[in-house]
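Here's the structure, in structure tokens; my notes come after.
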Amino acid sequence: MRISKYMFHTYKEIPSDAQVVSHQLMVRSGMIKKLSAGIYTYMPMLLRTIRKIEGIIREEMNKSGAIELLMPMVLPAELWIESGRWSYYGAELLRFKDRKGADFCLGPTHEEIITDIARQELKSYKDLPKNLYQIQTKFRDEARPRFGLMRGREFLMKDAYSFHTTEEDAKREYWNMYETYVRIFKRCGLKFRAVSAATGNIGGTLSHEFQVLADSGEDEILACNQCDYAANVEMAACHFVENPSVESSNKYTEVETPNKRTVEEVCRFLDVIPSRLIKTILYIADGKPYAFLVRGDFDINESKVKALLKCDELRLANDKEIVDITKAPVGFAGPIGLGIDIFADYSVKGLSGAVVGANKADTHLKGVNVERDIKDIKGFYDIRFAKPGEICPQCRKGIYERFRGIEVGQIFYLGTKYSARMNAEFLDRDGQKKPMIMGCYGIGIGRTAAAAIEQYHDKDGIIWPMPIAPFEVHLMCIGTDSEEVVRRGEELYKKLLSLNVEVLFDDRDERPGVLFKDADLIGIPIRVSVSKKSIEKGGVEVKLRREKASQIVPFERFADDIKRLISEEYKYYSGGEGVQ
């Protein structure tokens, strides 16, 4: 492709709303154009990358046994009401009415629609299992769209849904998709980790995220430095904490703590360390109040709380609800005499000599023994956030290290969450009706492209991994006033096309500095430049975008060397030394 005939324009200015590198570089390289907040046009060069990612996904999904279809983006409310998510999903679901007054939404995900298809088409155990996928535009009305394609409102997604007769078979397909995703992201040339994750609005009981490792990542990952365990911080399991015991046969006592509400304030006032204080946190789950206990030096993990209660809606109690439950001002809630169900984190098990709120204004209790004094605890559970440096609960040898990641894919084991509610049933071998067991598997395609840039860039621009680069070779003529330079450039361009090389030919009459800066900005893996100087040396200058040094390749070896370099770059990024 000749740049003179292509849609190509670069910019020096960094847009004021571009906070992350991928957003900045995509705008500066002319790869995306903002239409509205969180809504972008994919310009021709980025679209080539998008299509390559889609191609890798299709090949691997088809190889795994999945079947492609395409569902509508405009979805009727009836199916969402049937599943119970019409009101639960919240403001991200963009709702509207058609001219007849019927309610619709723009699809943020397609569990309801695919379940409706399954209950119509899959009637018998003989029809199962099936895994159906699509690559399609989604819309989620994010309150604060930001970071370009990393968190937009309209985006491209591959979503797949599988249907099974048994839990065993559904989990077999779950791990089949896990391995498929590993192959997909390796083929894209990305350094990533698969981590245990929360299920969020999708639901289900088992989930893994695929996180591209990057310092700019939104997500925090904890990974063991000795074994393969890794998890999003929302789901990272916690090792059991041994509490130092303070033996006392005395009953706890009330102490005045005027206007001391926070852990820091209470600990400073009473001269105790945070690990000897128990926080009582009140939640409302599906309309019912619950209390959760966690040690003062740890934080409650809402995702774990929600998973424990198996509730649809979970939120912190508001000030009025706290006062109604505790009969005390906010900041003095405690577990003794509370009168509601209490769940405790493992971090408070065995704790004695502890400080808790007294459910009384400006008052705490000191000298509390958890097992002796707190009678309403339903059990001890892992409901807190893990921290870097803690012992890995899987191997019990390594410790957690912190990484940043960008989520590009997630898989879910759904069970019967949707099929039971929507009567998606099959007849088993005995003629009995049973709900289908489901799985769900998504990949953000635009996010994958953006994550690649976050992972591979330098101060000058993008460094595309070869498997998803818009072009393989960037050819340029330095000094178009020379007939020989132009002639050689044309010969090389035709030669590359004859070799089926994807080549972008910069045939503009521009200064060398402009050509080199644009080449670095758009980040095509191999740069080939022909100039008077290179011709005098008997060849062309060839440089890999990921390396600083260049070399002169003789004209007579050009074809063989370019094919070799392209092959080596694919190998480097696709499962070679470039992937961890």
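The values are calculated or read from the model by the stated rules, or taken from the named source; none is laboratory data. None of these values were measured; they are calculated from a predicted model. Don't worry about glycine lacking a Cβ; one is built from the backbone with ideal geometry, like all the others, and counts go over all protein chains shown.
Per the listing A317, A361, A344, A307, the residue uniquely under 30 Å from L414 (Cβ atoms) and in contact with a Pro (Cβ under 7 Å, 6 or more places away or on another chain) is A317.
Only residues that are among the aliphatic types (A, V, I, L, M) and closer than 13 Å to T109 by Cα: list them for the stretch 60-88, please.
L70, M71, M73, V74, L75, L79
Please find, within the stretch 367-389, the residue that is farthest from N318 (Cα to Cα) out of those that are of a type in the set (K, R) and surrounded by fewer than 19 Cβ atoms within 10 Å (Cβ to Cβ). Per the criteria, the residue is R372. Taking the listed residues L270, L277, the one that is modelled with pLDDT of 90 or more, among the hydrophobic types (A, V, I, L, M, F, W, C) and more than 38 Å from the chain's Cα centre (by Cα) is L270, with no other qualifying. When residues in the stretch 403-453 are screened for being part of a strand (DSSP E or B) and touching a residue at least 60 places away in the same chain (Cβ under 8 Å), 25 of them pass.
Of F210, F192, which residue is crowded, with 21+ Cβ neighbours inside 10 Å, under 24 Å from E60 (Cα atoms) and touching a Leu at 6+ places or on another chain (Cβ under 8 Å)? Write out each step before concluding.
On the way: F210 fails: touching a Leu at 6+ places or on another chain (Cβ under 8 Å).
When all the criteria are applied, what remains is F192.
If you go through the stretch 91-124 and keep only what is of a type in the set (G, A, S), farther than 12 Å from A424 by Cα and touching a residue at least 12 places away in the same chain (Cβ under 8 Å), you end up with A91, A102, G107. Counting only residues that are in a loop (DSSP other than H, G, I, E, B) and either modelled with pLDDT of 90 or more or not hydroxyl-bearing (S, T, Y) (or both), how many does the stretch 195-228 have? Residues meeting the conditions: 12. Consider K306 carefully, then state whether it is of a type in the set (D, E, K, R), more than 25 Å from A197 (Cα to Cα) and outside any loop (DSSP other than H, G, I, E, B). No, not satisfied.
Screening the candidates G398, G334 for the property of being under 22 Å from I284 (Cβ atoms) and either surrounded by fewer than 16 Cβ atoms within 10 Å (Cβ to Cβ) or in contact (Cβ under 8 Å) with a residue 24 or more places away in the chain (or both) yields one hit, G334. Selection of first residues in the stretch 542-561 that are over 14 Å from P525 (Cα atoms) and of second residues that are assigned to a strand (DSSP E or B) and of a type in the set (V, I, T), restricted to Cβ pairs under 6 Å at least 6 apart or on distinct chains, gives the following pairs, ordered by first then second residue: Q551/V542; V553/V540; V553/V542; D561/V553. For the stretch 154-184, the tally of residues that are under 29 Å from Y40 (Cβ atoms) and part of a strand (DSSP E or B) stands at 8.
Of all the strands (runs of 3 or more DSSP E) wholly in the stretch 498-580, which have at least 1 residues that are at pLDDT 95 or above and over 27 Å from D481 (Cβ atoms)?
Numbers: elements: 503-506, 526-531, 539-544, 550-554.
Once the strands (runs of 3 or more DSSP E) in the stretch 498-580 are filtered for at least 1 residues that are at pLDDT 95 or above and over 27 Å from D481 (Cβ atoms), what remains is 539-544.
Checked against the criteria, A328 does not count as surrounded by 19 or more Cβ atoms within 10 Å (Cβ to Cβ) and touching a strand residue (DSSP E or B) at 6+ places or on another chain (Cβ under 9 Å).
The set of residues in the stretch 1-30 being free of Cβ contacts under 8 Å to residues at least 40 places away in the same chain, within 17 Å of L149 (Cα to Cα) and of a type in the set (A, V, I, L, M, F, W, C) consists of I14 alone.
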